[in-house]
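Engineer: The structure's right below; bear with me while I get my questions together.
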Amino acid sequence: MYRFAICDDRKEDIDYIEAIIRKWNRKAGLQLMIEGFPSGEAFLFAYEEDRDFDVLFLDIEMKSLSGIDLAQKLRQMGSRIQIVFVTGYPDYIAEGYDVEALHYLLKPVTQDKLRSVLDRAAERLEGREKELCLAASGEVVRVPLREIRYLEVWKNYVTV
């Protein structure tokens, strides 16, 4: 199951991108969950509770927390989520590279262009190694599943 998020302060843009993703997925056949968020803060709140998102379609110009600021926060948190900026402003392309964005799409987004980006994102997802993310001493540690031999639970302690 892959989880895609669309973060945009315009509901019609969220709905438009979601419709293209669903149409693309009829051919791709992925198990996919798509969630929309009306602000960077709303996504960040959800992400802090559950970091199991794979791709984020992110508007840049939003009311309080910009898409660039959100992307920087995610990278500071150690997030490897694939970010696709979807914006009407070409001025921020350099910042998109600074946060290792997968792509930068200008509105209005065409179906063909978004499908091409979705194909790239899916290719990366399939090639990505599964990991166990552990919070230890205030930091997130990623352990590839292939390196885990066993898990042992004793009271409140887990040995990996």
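The values are calculated or read from the model by the stated rules, or taken from the named source; none is laboratory data. Since the structure is predicted, the reported quantities are computational estimates derived from the model, not experimental observations. Virtual Cβ from ideal backbone geometry, glycine too; neighbours counted across all protein chains shown. In case anyone asks, the SASA skips ligands and DNA or RNA and just uses the protein heavy atoms, side chains included. Shrake-Rupley method; radii C 1.70, N 1.55, O 1.52, S 1.80 Å.
Engineer: Amide H to amide H, which residues 5 or more places from GLU131 or on other chains are under 5 Å from it, using H placed in the peptide plane?
Structural biologist: Sorted by chain and number, the residues that satisfy this are LEU145.
Engineer: Further, regarding this structure: Can you work out ³J(HN,Hα) from phi for every residue in the range 67-82, in order, using Karplus 6.51 cos²θ - 1.76 cosθ + 1.60 and θ = phi - 60°, giving whole Hz and x for Gly and Pro?
Structural biologist: Per residue, the Karplus-derived 3J(HN,Hα) values read x, 5, 4, 4, 4, 5, 4, 4, 5, 5, 7, x, 5, 10, 4, 7 Hz.
Engineer: How far, in degrees from 0 to 90, does helix 40-49 lean away from the longest principal axis of the Cα atoms of the chain, to the nearest 10?
Structural biologist: With rounding to tens, the tilt is 20 degrees.
Engineer: Rounded to the nearest 20 Debye, what is the dipole magnitude of the range 17-138 about its Cα centre when Lys and Arg each give +1 and Asp and Glu each give -1 at the C-beta?
Structural biologist: 500
Engineer: Same structure again: Given the Cα-Cα distance of GLU35 and ASP98 and 0.36 nm per residue of separation, how much length would full extension add, in nm?
Structural biologist: 20.2 nm
Engineer: Which is the longest stretch in the chain that no exposed loop site breaks, taking sites as trypsin sites (Lys or Arg not before Pro) with a DSSP loop state and at most 10 other Cβ atoms within 10 Å?
Structural biologist: Looking at the chain, 64-129 is the longest stretch - no exposed trypsin sites (Lys or Arg not before Pro) with at most 10 other Cβ atoms within 10 Å.
Engineer: Would you kindly derive the ³J(HN,Hα) couplings of the range 17-32 from the backbone phi angles with the Karplus curve 6.51 cos²θ - 1.76 cosθ + 1.60 (θ = phi - 60°), listing them in order in whole Hz, with x for Gly and Pro?
Structural biologist: 5, 4, 4, 5, 4, 5, 5, 4, 6, 4, 7, 5, x, 7, 7, 9
Engineer: Quick one: compute the contact order of the range 72-160, relative version, from alpha carbon pairs under 8 angstrom and 6+ residues apart, as a percent.
Structural biologist: Value for the range 72-160: 17 percent.
Engineer: Here's another thing I want to ask about it. Under 17 Å between C-alpha atoms is the cut-off here; go through the chain and count lysine pairs that meet it, provided they're at least eight residues apart or on different chains.
Structural biologist: The result is 5.
Engineer: Where the accessible area of the chain is counted over protein heavy atoms with a 1.4 Å probe, how much of it, in %, is carbon and sulfur?
Structural biologist: That fraction is 49 percent.
Engineer: Now, a different point. Okay, which of the range 1-44 sit inside 16 Å, backbone N to the point 7 Å along the Cα-Cβ direction of LEU65?
Structural biologist: 5-10, 36-44
Engineer: Distance between Cα centroids, the range 81-150 to the range 8-31: provide it in whole Å.
Structural biologist: So the separation of the two Cα centres works out to 17 Å.
Engineer: Tell me, what ³J(HN,Hα) does each residue in the range 100-107 have, in order and in whole Hz, if you take phi through Karplus 6.51 cos²θ - 1.76 cosθ + 1.60 with θ = phi - 60° and put x for Gly and Pro?
Structural biologist: Whole-Hz 3J(HN,Hα) from phi for the range 100-107: 6, 5, 5, 7, 10, 9, 9, 6.
Engineer: Would you kindly state how much longer the chain becomes between LYS130 and ARG146 on full extension, computed as 0.36 nm times their sequence separation minus their alpha carbon distance, in nm to one decimal?
Structural biologist: Contour length minus the Cα-Cα distance gives 4.9 nm.
Engineer: Under the rule of at least 5 residues apart or a separate chain, name every residue whose amide H is placed under 5 Å from the amide H of LEU30.
Structural biologist: Close amide H contacts, sequence-distant or interchain: none at all.
Engineer: ASP50 to ALA28: extension gain in nm, 0.36 nm per residue of separation minus the Cα-Cα distance?
Structural biologist: 5.4 nm
Engineer: Hey, what's the range 36-102 come to in accessible area per residue, 1.4 Å probe, Å²?
Structural biologist: Solvent-accessible surface per residue comes out at 48 Å².
Engineer: Another question, then. What residues have an amide H closer than 5 Å to that of LEU65, excluding those fewer than 5 places away on the same chain, when H is modeled at 1.01 Å from N in the peptide plane?
Structural biologist: GLY40, GLU41
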